[in-house]
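Chemist: My questions all concern the structure below.
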Amino acid sequence: MTDTVLIVDFGSQVTQLIARRVRESGVYSEIAPYTKAEEALARLKPRAIILSGGPDSVTAESAPRAPMALFLAGLPILGICYGEQTMCAQLGGTVEGGHHREFGRALLEVVESCALFDGLWPSGTKTQVWMSHGDRVTKLPPGFRPVGVSAGAPFAAIADDSRRFYGVQFHPEVVHTQDGAKLLRRFTHAVAGLKGDWTMAAFRQQAIARIRAQVGKGKVICGLSGGVDSAVAAVLIHEAIGDQLTCVFVDHGLLRLGEAEEVVRVFRDRFNIRLLHRDAARLFLDRLAGIDDPEKKRKTIGATFIDVFEEEARKVGGAEFLAQGTLYPDVIESVSATGGPSVTIKSHHNVGGLPERMNLKLVEPLRELFKDEVRALGRELGMPDNVVGRHPFPGPGLAIRVLSAVSAEKLDILRRADAIYLDEIRKAGLYDKIWQAFAVLLPVRTVGVMGDARSYDHVLGLRAVTSTDGMTADSYPFEHAFLARTATRIVNEVRGINRVVYDVTSKPPATIEWE
């Protein structure tokens, strides 16, 4: 049985980072909203609990609270920001508002040793942490003592070693807190005594067993989008049940250069997976004609995808299950928003619902994983790195990177320009240093002089972002020589573009397009 940490979510925008940091140390974790925390406690039987931050004020009458069952379970608990405050308020301490607020970098001074800090921050240590609070604890509950202070928080870190209850006013899960990941590891490994034995190899075997138990001798169909998630899900399921799986690749004509051919080559030739390939590019173009609003494009593509997918699925005959590349962030968002699981086709940004008339049961083998973990699983399964390491790509594909009505001509221009951009990034050895890079065909044209002739052609935008968590992003600081070389190639090699610009927006959080 794998050791599990239960993370109770009070609405912080970085709660997922806590789960990621815990998993990075080899310990499996799951997130549950505070309203479902008691149920999660009974279901998961965790070995430790972390209470997340949140936007509410503990002083409000309607403020979220942790179920008291958590504090009575005899488990080690770490409260982070709001989590520390509600723990104190619920166990007999006092939290007040209206004091000095702390947002951003702050200096934590360790004033006493405790089990949470042992081997990391001895007494007298001063270290940078990341704060985000207006309220603060002003009186500790019985059994607690202060072990860290900051300018705006006299109880910036607190400890009750006998019960293994700890609280920190700062956020150890964000990269701005020095040694924050090490602090979380201290809690899971040293305080809670967890083994840290959760690996992709172990997950692979567990997932295969679960798939076989769920599917039995039934048939499964899987919709391939060309993205990493559906690809890894398909290879994993095929390893579990072999020819009981049939993949349906709806080629909407909106992928990057050569990607459609690569999907067919990898699945048919390398993994010998049954594959139905439907070239529906003309149909998608016809339905997208005249639409320039990106949200309408998404919905149109989603609806068309389902129509074509359903036609192809009928050819399988007798299928009982639909496989999806649903990831853990999708599950978290779905549960938080609705209290229940999603029933949408994830590979197209949840823009089209799964028709009830298909009467298929879902197989979602990746629903416990984050994006980087899916990539690790893909490598564990022997998938080529150019597939699992590929930059994220949105379900609507190039359609939403043409910032005007879509046409075959515009897609061709964008596809060829995008390929040159990525080629230059790879040649410079930068591809794996960048989270996502892509070209955008802007809805403007400019007059230019090329040789001895005037041109009136499109403007192309380039974007590249770095990210450690896929939630916030900064623009990548290309050298001017790289941008000049790339722009020259694009203008010279792609007819229809006479100007190239680079987006240098660098204030996170920035929008990241997902698969």
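Chemist: What number of residues in region 145-170 are surrounded by fewer than 24 Cβ atoms within 10 Å (Cβ to Cβ), assigned to a loop (DSSP other than H, G, I, E, B) and modelled with pLDDT under 95?
Modeler: Of the residues in region 145-170, 2 are surrounded by fewer than 24 Cβ atoms within 10 Å (Cβ to Cβ), assigned to a loop (DSSP other than H, G, I, E, B) and modelled with pLDDT under 95.
Chemist: Next up: Just the residues that are touching a residue at least 60 places away in the same chain (Cβ under 8 Å), surrounded by 14 or more Cβ atoms within 10 Å (Cβ to Cβ), farther than 19 Å from GLY226 by Cα and out of contact with any helix residue (DSSP H, G or I) (no Cβ under 8 Å at 6 or more places or on another chain), please, taken from region 404-433.
Modeler: Residue satisfying the conditions is ILE413 alone.
Chemist: Which one of these does ALA201 not meet: (1) touching an Asp or Glu at 6+ places or on another chain (Cβ under 8 Å); (2) more than 30 Å from VAL363 (Cα to Cα)?
Modeler: In the conditions (1) touching an Asp or Glu at 6+ places or on another chain (Cβ under 8 Å); (2) more than 30 Å from VAL363 (Cα to Cα), ALA201 misses (2) alone.
Chemist: Report whether or not GLU84 is outside any loop (DSSP other than H, G, I, E, B) and of a type in the set (Asp, Glu).
Modeler: Details: outside any loop (DSSP other than H, G, I, E, B): yes; of a type in the set (Asp, Glu): yes.
So GLU84 fits the description; yes.
Chemist: Could you grab me the full set of residues in region 97-117 that are under 18 Å from ALA159 (Cα atoms) and either part of a strand (DSSP E or B) or open to solvent by 40 Å² or more (accessible area, probe 1.4 Å) (or both)? Reasoning before the result, please.
Modeler: Taking region 97-117 as the starting set, the residues that turn out to be under 18 Å from ALA159 (Cα atoms) are 108-117.
Matches in region 97-117: LEU108, GLU109, VAL110, VAL111, GLU112, SER113.
Chemist: Moving on. Quick one: is GLY242 out of contact with any Leu (no Cβ under 7 Å at 6 or more places or on another chain), of a type outside the set (D, E, K, R) and open to solvent by 30 Å² or more (accessible area, probe 1.4 Å)?
Modeler: On the way: out of contact with any Leu (no Cβ under 7 Å at 6 or more places or on another chain): yes; of a type outside the set (D, E, K, R): yes; open to solvent by 30 Å² or more (accessible area, probe 1.4 Å): no.
No; evaluated as a whole, the condition is false for this residue.
Chemist: Another question, if that's okay. Do we have any residue at all in region 261-277 that's over 17 Å from ALA233 (Cβ atoms), open to solvent by less than 60 Å² (accessible area, probe 1.4 Å) and outside any helix (DSSP H, G or I)?
Modeler: The answer is no, given that none of the residues of region 261-277 is over 17 Å from ALA233 (Cβ atoms), open to solvent by less than 60 Å² (accessible area, probe 1.4 Å) and outside any helix (DSSP H, G or I).
Chemist: From the list THR326, THR338, THR344, which residue is modelled with pLDDT under 90, in contact with a strand residue (DSSP E or B) (Cβ under 7 Å, 6 or more places away or on another chain) and among the β-branched types (Val, Ile, Thr)?
Modeler: Numbers: THR326 fails: in contact with a strand residue (DSSP E or B) (Cβ under 7 Å, 6 or more places away or on another chain); THR338 fails: in contact with a strand residue (DSSP E or B) (Cβ under 7 Å, 6 or more places away or on another chain).
The conditions single out THR344.
Chemist: Which residue pairs have Cβ atoms closer than 8 Å, lie 6 or more positions apart in sequence or on different chains, and pair a first residue in region 492-507 that is in a strand (DSSP E or B) with a second residue that is modelled with pLDDT of 95 or more and among the polar types (S, T, N, Q)?
Modeler: Listed pairs, sorted by first residue: VAL500/THR486.
Chemist: For the structure I just gave you, tell me whether ALA69 is in contact with an Asp or Glu (Cβ under 9 Å, 6 or more places away or on another chain), part of a helix (DSSP H, G or I) and surrounded by fewer than 20 Cβ atoms within 10 Å (Cβ to Cβ).
Modeler: It is true that ALA69 is in contact with an Asp or Glu (Cβ under 9 Å, 6 or more places away or on another chain), part of a helix (DSSP H, G or I) and surrounded by fewer than 20 Cβ atoms within 10 Å (Cβ to Cβ).
Chemist: Only one of THR35, THR2, THR59 is part of a helix (DSSP H, G or I), hydroxyl-bearing (Ser, Thr, Tyr) and more than 22 Å from the chain's Cα centre (by Cα). Can you tell me which? Spell out the reasoning first.
Modeler: Numbers: THR2 fails: part of a helix (DSSP H, G or I); THR59 fails: part of a helix (DSSP H, G or I).
Unique residue meeting the criteria: THR35.
Chemist: Which of (1) modelled with pLDDT under 95; (2) of a type in the set (S, T, N, Q); (3) outside any loop (DSSP other than H, G, I, E, B) does THR486 not meet, given it meets every other one?
Modeler: Against the list (1) modelled with pLDDT under 95; (2) of a type in the set (S, T, N, Q); (3) outside any loop (DSSP other than H, G, I, E, B), THR486 comes up short only on (1).
Chemist: Check region 118-130 and report whether any residue there is in a loop (DSSP other than H, G, I, E, B), modelled with pLDDT of 90 or more and crowded, with 22+ Cβ neighbours inside 10 Å.
Modeler: Yes - at least one qualifying residue is present in region 118-130.
Chemist: When the residues of region 192-206 are filtered to those that are at pLDDT 95 or above and among the small types (Gly, Ala, Ser), which remaining residue is most open to solvent (accessible area, probe 1.4 Å)?
Modeler: Restricting to residues being at pLDDT 95 or above and among the small types (Gly, Ala, Ser), the top hit is GLY193.
Chemist: Another one. Would you mention how many residues in region 211-231 are at pLDDT 95 or above and either assigned to a helix (DSSP H, G or I) or within 15 Å of ARG375 (Cβ to Cβ) (or both)?
Modeler: 5
Chemist: Further, regarding this structure: So which residues in region 51-62 are open to solvent by 10 Å² or more (accessible area, probe 1.4 Å) and either among the aliphatic types (A, V, I, L, M) or under 9 Å from TYR34 (Cα atoms) (or both)? Give the derivation first.
Modeler: Step one: of region 51-62, the residues open to solvent by 10 Å² or more (accessible area, probe 1.4 Å) are 54-57, 59-62.
ALA60 - this is the single residue of region 51-62 that is open to solvent by 10 Å² or more (accessible area, probe 1.4 Å) and either among the aliphatic types (A, V, I, L, M) or under 9 Å from TYR34 (Cα atoms) (or both).
Chemist: Could you pull out the residue among MET68, MET87 that is hydrophobic (A, V, I, L, M, F, W, C) and without any contact (Cβ under 8 Å) to a residue 24 or more places away in the chain?
Modeler: Values: MET87 fails: without any contact (Cβ under 8 Å) to a residue 24 or more places away in the chain.
Within the list MET68, MET87, the selection yields MET68.
Chemist: Now, a different point. Sort out which residues of region 489-515 are open to solvent by less than 80 Å² (accessible area, probe 1.4 Å), modelled with pLDDT under 70 and either of a type in the set (D, E, K, R) or under 19 Å from ALA419 (Cα atoms) (or both), and write them in order of number.
Modeler: Of everything in region 489-515, those that are open to solvent by less than 80 Å² (accessible area, probe 1.4 Å), modelled with pLDDT under 70 and either of a type in the set (D, E, K, R) or under 19 Å from ALA419 (Cα atoms) (or both) turn out to be GLU513, GLU515.
Chemist: Checking LYS139 against (1) surrounded by fewer than 18 Cβ atoms within 10 Å (Cβ to Cβ); (2) farther than 13 Å from GLY93 by Cβ; (3) free of Cβ contacts under 8 Å to residues at least 60 places away in the same chain, which single condition isn't satisfied?
Modeler: Status for LYS139: all satisfied but (2).
Chemist: Please determine whether any residue of region 176-197 is among the hydroxyl-bearing types (Ser, Thr, Tyr), under 23 Å from GLY143 (Cα atoms) and assigned to a helix (DSSP H, G or I).
Modeler: Looking only at region 176-197, we keep the residues that are among the hydroxyl-bearing types (Ser, Thr, Tyr), and these are 177, 188.
Restricting the remaining residues to those that are under 23 Å from GLY143 (Cα atoms) gives 188.
From the residues that got through so far, the ones that are assigned to a helix (DSSP H, G or I) too are 188.
Yes; the residues of region 176-197 include at least one that is among the hydroxyl-bearing types (Ser, Thr, Tyr), under 23 Å from GLY143 (Cα atoms) and assigned to a helix (DSSP H, G or I).
Every residue, every condition in (1) free of Cβ contacts under 8 Å to residues at least 60 places away in the same chain; (2) within 26 Å of ARG204 (Cβ to Cβ), yes or no:
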| position | (1), (2) |
| --- | --- |
| THR246 | no, yes |
| ASP251 | yes, no |
| ARG256 | no, no |
| GLU262 | no, yes |
| ARG270 | no, yes |
| ILE273 | yes, yes |
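Chemist: Shifting gears a bit: Of the conditions (1) over 21 Å from the mean Cα position of the chain (by Cα); (2) crowded, with 17+ Cβ neighbours inside 10 Å, ARG43 clears all except one; give me its number.
Modeler: Here ARG43 meets the rest and fails (2).
The values are calculated or read from the model by the stated rules, or taken from the named source; none is laboratory data. Being a predicted model, the structure only gives us computed values, none of them experimental. So basically every Cβ, Gly included, is an ideal-geometry build from the backbone, and we count neighbours across all protein chains shown. In case anyone asks, the SASA skips ligands and DNA or RNA and just uses the protein heavy atoms, side chains included. Shrake-Rupley method; radii C 1.70, N 1.55, O 1.52, S 1.80 Å.
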